[in-house]
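Written below as structure tokens is the structure these notes are about.
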2 protein chains.
Amino acid sequence: MYNLPSGLRDFPTEIKILRNKIFSKIEEIFKRFGFDPIETPTIEYWDTLKGKYGEEAENKLIWRFKLPYSDKEYALRYDQTVPLARFFSNHRPALPFKRYVIDKSYRYENPQRGRYREFYQADFDIIGSKNPESDAEILNIVNFIFKEFNFSNYKIIINDREFLRFIFEKNLNINEEKIKKVYTIIDKLDKIGIENVKRELNNVVGELSDKIVEIISLKNQEVIDYLSKYEEISKEINYFNNILDLLNDKSKIEINLSLVRGLDYYTGMIYEAIVEKPKIGSLSGGGRYDNLLKLFTNEEIPAVGGSIGVERLIDAGIELGIFKIDKKTYTEICVIYFEDTFKDAWNICNKLREIGLNCYIDLMRRDFNKQIKYAVDKDIRFLLIVGKKELSENSVLLQDRYTKERIKISINNLEDIYRIVKNRIENSY
Amino acid sequence: MYNLPSGLRDFPTEIKILRNKIFSKIEEIFKRFGFDPIETPTIEYWDTLKGKYGEEAENKLIWRFKLPYSDKEYALRYDQTVPLARFFSNHRPALPFKRYVIDKSYRYENPQRGRYREFYQADFDIIGSKNPESDAEILNIVNFIFKEFNFSNYKIIINDREFLRFIFEKNLNINEEKIKKVYTIIDKLDKIGIENVKRELNNVVGELSDKIVEIISLKNQEVIDYLSKYEEISKEINYFNNILDLLNDKSKIEINLSLVRGLDYYTGMIYEAIVEKPKIGSLSGGGRYDNLLKLFTNEEIPAVGGSIGVERLIDAGIELGIFKIDKKTYTEICVIYFEDTFKDAWNICNKLREIGLNCYIDLMRRDFNKQIKYAVDKDIRFLLIVGKKELSENSVLLQDRYTKERIKISINNLEDIYRIVKNRIENSY
């Protein structure tokens with residue numbers, strides 16, 4: 001018995017079919033917004049990833065290695081964004097470059113619900129635009145996806161890296177040494193609650209903690225009102241208001257100064273999408289990152305993007321009953337034969353495949369009842385019964401297992417089967 | 001500038017779109033034959049792959065490694081078949097288990113045309129059936145795929161491991177020490193020609209070489225006739241004839257005793273599909289492998305399968321002009337605005353996305369001409385011009401770049417745009 005390494009997963013058919021459906025839907029939405037696909041390899045030189053993700057990732061999480069046959073150091077990609085930047089600098093596509101990718105990344109983390117060592121993300125990024133309409137488009141996609149999947153209790157929390165910088169680093173004048181600690185504490189708000197945040201902040205910045213707690217408790221218009229008092233931040237407020245103005249639907253949006261993420265990385269708008277239940281962390285996150293491309297191109301090239309954590313989305317969706325593992329096969333018809341009709345059934349089956357139907361015919365030489373059992377176990381909706389009596393009348397019987405109907409069809413009109421089957425399957429979704 | 005390691009590739013949008021189309025079509029055909037998808041991870045324990053692929057693979061080709069954070073030895077999958085066997089033994093799905101997978105494998109080979117260090121294969125296997133209808137189904141799929149893609153000058157060469165064993169090991173009584181050399185020489189026939197094969201064989205088996213060359217020059221019915229003289233191989237001949245009898249189309253099939261492949265691995269029917277031009281090696285190969293599953297399950301479980309070398313298929317198809325890199329985007333409509341109509345254009349664009357159209361709107365604040373240029377460069381077929389005058393009449397202009405037509409459409413009837421665009425795009429394929 002060979003097992004899989006921890007954090008890696010097999011996807012049996014019924015799970016794979018569900019995942020394919022979810023991925024297709026997400027991909028469809030990316031296309032709606034004018035994004036196009038690219039693909040980069042799973043493996044990069046370690047040098048390409050080095051220095052891009054911070055200490056913890058580099059020392060604990062990146063799958064990096066040498067082979068017995070080479071001195072080069074390789075790494076499996078840690079996310080899709082650094083490979084995107086590398087791709088951009090190598091290929092220099094026209095601007096704006098709007099690409100999506102739904103593919104795997106690798107992190108050597110402790111596995112838990114929604115967190116695996118090999119996992120898919122669905123990324124969408126816009127390179128080249130420094131205008132609020134590009135930030136708005138990212139948020140509109142996120143909202144579109146959650147709506148499309150019928151998530152109801154979700155929120156898209158937004159903030160701006162520049163607001164944080166202004167408030168904490170300029171206005172409250174917290175020094176470099178302390179600021180990281182302050183942000184780390186604020187970031188724990190969801191987990192530990194406001195009282196604990198206050199206490200921990202007090203240990204770092206003393207009395208200032210009252211003020212900070214007051215500020216990070218502001219929401220939505222209060223945030224804008226609070227910041228609007230300061231002329232120095234007016235440009236950023238204006239930009240932020242322009243984003244808000246271009247959102248399709250503001251009902252799920254929450255402006256919240258306690259949102260802190262990827263501080264070394266993001267330069268403007270940041271967001272996270274969360275669901276109230278289950279407690280599984282954010283299902284999507286992203287923002288503006290105007291500095292990353294410079295590491296690869298030596299030019300100032302603005303960028304904004306987001307990522308759907310599809311593993312969490314799927315795990316949450318299954319738990320919420322939004323996603324159902326209910327399709328066991330793509331097969332539409334099970335062709336049933338008797339001992340003396342096998343060859344005819346085989347030929348009819350292959351003709352139906354040519355016409356465009358997904359057909360199964362038993363390869364185990366099982367009897368009638370076992371062939372039926374297979375179709376029922378797999379939940380194949382249609383049976384095509386090829387019997388001696390029907391063949392003598394140049395016909396076959398199509399049985400719809402859902403409606404229990406049996407329809408006699410002439411072998412000369414196999415296209416009728418196509419029409420009936422496709423029609424009924426389409427109308428059942 | 002960060003480069004990609006040798007043998008690894010980026011796929012820019014137009015290549016990725018072509019590949020998606022090819023992969024979808026192959027997947028569609030697998031579904032037609034009643035195959036369903038599963039997925040296994042990229043990474044397995046090295047122990048799982050060890051001892052399955054022969055010396056060369058183990059000592060030179062497998063991407064195997066340790067991480068700085070763990071003592072476990074991992075490997076990237078070398079093919080899709082061993083992971084399938086591991087999956088089967090872990091999950092024990094119902095029989096017959098017919099699964100397909102289109103995914104990447106990794107081999108540290110010397111890169112050349114059609115050969116990369118990370119590459120896709122499209123695999124399809126049937127586990128559990130020991131009947132000729134399962135072998136026939138594998139060959140029918142291969143034929144179906146090449147037909148569907150309009151390859152014309154292809155051949156599917158078939159042979160049987162049991163024929164080789166009977167002729168060379170039993171009938172000609174070549175001993176174990178020499179037999180591997182003999183097979184290796186025969187396998188080079190395509191590359192070095194019959195005269196060189198004869199000479200090399202002579203060095204190993206002396207006078208027997210004449211006899212061998214005579215036998216391996218037999219084709220099709222000659223093979224069957226030759227073997228039919230021997231009672232000892234009648235069961236295998238019978239099985240083989242049953243396979244032939246169940247093929248949809250024998251016109252591309254060639255029975256050829258010089259086909260030698262995977263001798264440690266295959267146990268019955270073996271095949272290779274090749275094109276006459278370009279000289280790129282086999283585009284598909286496979287056969288019956290009734291021993292592999294035993295390594296994982298300790299039970300005798302028959303299996304037969306094949307693999308489409310999609311990288312070679314694509315490279316050959318492009319060279320032959322069968323596959324064209326001609327689609328640069330999935331975007332169907334480019335919404336064009338003027339300085340004073342941006343907000344209206346933005347809203348209309350988002351409505352069209354909700355209706356189901358793939359729409360692009362400029363995020364760079366470029367002028368009218370540059371917006372048009374973008375659409376032309378990307379070959380986006382439809383423009384939707386949102387002008388002040390049209391807006392005052394509550395309408396917009398839909399322009400079909402291919403027919404040069406301009407159609408005035410009321411903003412209240414945006415569904416008309418959906419109908420027109422989808423209809424015209426569908427009819428243009």
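The values are calculated or read from the model by the stated rules, or taken from the named source; none is laboratory data. It should be emphasised that the depicted structure is a prediction, and the values quoted were computed from it without experimental measurement. All Cβ positions, even for glycine, are placed from backbone atoms using ideal geometry, and neighbour counts span all protein chains on display. Protein only, heavy atoms only, side chains kept; ligands, DNA and RNA dropped before computing areas. Shrake-Rupley method; radii C 1.70, N 1.55, O 1.52, S 1.80 Å.
The contact residues of the stretch A:340-388, meaning those that lose at least 30 Å² of 1.4 Å-probe accessible area when all protein chains sit together rather than their chain alone, are A:Phe342, A:Lys343, A:Trp346, A:Asn350, A:Arg353, A:Glu354, A:Asn358, A:Tyr360, A:Leu363, A:Met364, A:Arg365, A:Tyr374. With label points defined 7 Å past Cα in the direction of Cβ, position B:Lys191 shows copy-to-copy spacings of 5.7 nm, given to one decimal and shortest first. Based on alpha carbons, the Rg and Dmax found for the stretch A:333-427 are 12.1, 36 Å.
The orientation-averaged shadow of the Cα convex hull for the protein assembly as shown, equal to a quarter of the hull surface, comes to 40.9 nm².
When the surface is traced with a 1.4 Å probe over the full set of protein chains, B:Asp187 keeps roughly 90 Å² accessible. The charge dipole of the stretch A:333-427, taken about the Cα centre with unit charges on the Cβ atoms of Lys, Arg (+1) and Asp, Glu (-1), comes to about 180 debye, rounded to the nearest 20.
Under 5 Å from the amide H of A:Ile253 lie the amide H atoms of A:Ile156, each residue being 5 or more positions distant or on a separate chain, with H modelled from the backbone and absent for Pro and chain starts. Treating the angle as unsigned and between 0 and 90°, give the value, to the nearest 10°, between the Cα long axis of helix A:81-91 and the longest Cα principal axis of chain A. Its long axis makes an angle of about 80 degrees. Taking every residue in A:60-69 and counting other chain Cβ atoms within 10 Å of its Cβ, the average works out to 5. Note that the stretch B:186-191 has calculated 3J(HN,Hα) couplings of 4, 4, 8, 3, 4, 7 Hz, one per residue in order, obtained from phi through the Karplus relation 6.51 cos²θ - 1.76 cosθ + 1.60 (θ = phi - 60°); glycine and proline are x. Averaged over residues, the count of other Cβ atoms within 10 Å places the peptides B:171-179, B:364-372 in the sequence B:364-372, B:171-179, highest first.
Per residue of chain A, the DSSP helices (runs of n ≥ 4 H) give a summed -39500 (n - 2.57) that works out to -12000 deg cm²/dmol at 222 nm. Phi angles across the stretch B:59-74 convert, under the Karplus curve 6.51 cos²θ - 1.76 cosθ + 1.60 with θ = phi - 60°, into 3J(HN,Hα) values of 9, 9, 10, 6, 6, 10, 6, 10, 9, x, 9, 7, 8, 5, 9, 10 Hz, Gly and Pro given as x. In this assembly of identical copies, the label point of B:Lys147 (Cα plus 7 Å along Cα-to-Cβ) is separated from its counterparts by 4.6 nm, sorted shortest first. Ordering of A:227-236, B:267-276 by packing is B:267-276, A:227-236, highest average first (other Cβ atoms within 10 Å, averaged per residue). Computed from the C-beta positions of B:His91 and B:Lys147 and an R0 of 25 Å, the FRET efficiency is 0.15 to the nearest 0.05.
Please check which bits of the stretch B:177-214 a label hung off B:Arg113 would reach, taking the label as a point 7 Å along Cα-to-C-beta and the cut-off as backbone N under 17 Å. Once the point is set 7 Å along Cα→Cβ of B:Arg113, B:191 turn out to lie under 17 Å by backbone N, inside the stretch B:177-214.
For A:Leu295, the accessible surface of its heavy atoms amounts to roughly 100 Å² (probe 1.4 Å, protein chains only, rounded to the nearest 10).
Given a Förster distance of 51 angstrom, what is the FRET efficiency for B:Tyr69 paired with B:Lys21, based on the Cβ-Cβ distance and rounded to 0.05? Using R0 = 51 Å, I get an efficiency of 0.80.
Annotation for the stretch A:354-429: GluC sites (Glu not before Pro) lying in DSSP loop with at most 13 further Cβ atoms inside 10 Å of their Cβ are A:Glu393, A:Glu405. With 30 Å as the limit, write out which pairs from A:Lys50/A:Lys229; A:Lys147/A:Lys328; A:Lys147/B:Lys373; A:Lys98/A:Lys277; A:Lys404/B:Lys351 have Cα-Cα distances beyond it, or answer none. Those over the limit are A:Lys50/A:Lys229; A:Lys147/B:Lys373; A:Lys98/A:Lys277; A:Lys404/B:Lys351.
In the calculated pair-distance distribution of the stretch A:24-105, the portion above 21 angstrom amounts to 40 percent of the Cα-Cα pairs.
Put simply, the C-alpha atoms of the stretch B:46-190 give a gyration tensor, and the ellipsoid matching it has half-axes of 28, 24, 19 Å, longest first.
Here the Karplus relation 6.51 cos²θ - 1.76 cosθ + 1.60, evaluated at θ = phi - 60°, turns the backbone of the stretch A:281-287 into coupling constants of x, 6, 9, 7, x, x, x Hz, with x for every Gly and Pro. Pairs of alpha carbons in the stretch A:132-280 separated by more than 23 Å make up 37% of all such pairs. The mean number of Cβ atoms from other chains found within 10 Å of a Cβ in peptide B:4-17 is 6, as a whole number. Shown for B:Pro278: label points 7 Å from Cα along the beta-carbon vector, and their distances to the equivalent points in the other copies, 5.1 nm in ascending order.
Only Cα sites of chain B enter the Debye sum here, all with the same form factor; the resulting log10 I(q)/I(0) across q = 0.11 1/Å is -0.93, listed in q order.
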